[in-house]
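Worksheet: the structure to be examined is printed underneath.
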Amino acid sequence: MASTITAGFANDMNDKQDRPYVCSAPGCSQRFQSEEHLLIHRHKHEMTLKFSSIKTDAAFTDQTPTPTRFLQNCEEVGLFKEIEEEFLQEQERKRTKRYIFLKNRRTELRRSRKKLLFTLSSHLK
Ligand SMILES: [Zn+2]
């Protein structure tokens with residue numbers, strides 16, 4: 001249990017550095033790596049608001065909006081979150097693939113250049 005809390009804290013620290021875009025919606029403080037991600041996420045809140053205004057449940061409309069209730073409301077429309085996460089994961093995966101490819105390619109080029117320089121210098125001696 002204690003290790004879970006520590007891991008959560010460490011993740012939070014990383015989030016602050018890696019994800020400068022913070023959602024400003026009430027009761028939500030999710031962070032994102034890019035403005036694009038934040039905008040997609042913000043869209044979810046808009047959908048949630050639309051969804052809750054359509055809802056005519058008496059028990060629901062009696063409630064004053066509090067951060068906790070707002071989050072519960074977000075949970076209810078978890079479908080949007082799933083779609084959003086899938087989309088972000090797909091983007092992230094593509095980006096990571098491309099990054100690894102370029103990194104490997106650069107290392108390869110550097111290595112072959114070193115080899116070439118070494119061969120040249122040994123011939124010059
Ligand atoms: Zn949010």
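Only residues in the range 95-109 that are part of a helix (DSSP H, G or I) count as the first member; pair them with residues that are exposed (fewer than 10 other Cβ atoms within 10 Å of the Cβ), Cβ under 9 angstrom, at least 6 apart or cross-chain, and list the lot.
Sorted first by the residue in the range 95-109, then by its partner, the list stays empty.
Would you confirm, using the coordinates I've provided, whether Phe80 is at pLDDT below 65 and part of a helix (DSSP H, G or I)?
yes
Sort out which residues of the range 23-65 are in a loop (DSSP other than H, G, I, E, B) and modelled with pLDDT under 65, and write them in order of number.
Lys55, Thr56, Asp57, Gln63, Thr64, Pro65
The values are calculated or read from the model by the stated rules, or taken from the named source; none is laboratory data. Quantities reported herein were computed from a predicted structural model and do not represent experimental measurements. Reconstructed Cβ throughout: ideal geometry from the backbone, glycine too, with neighbour counts over all protein chains shown.
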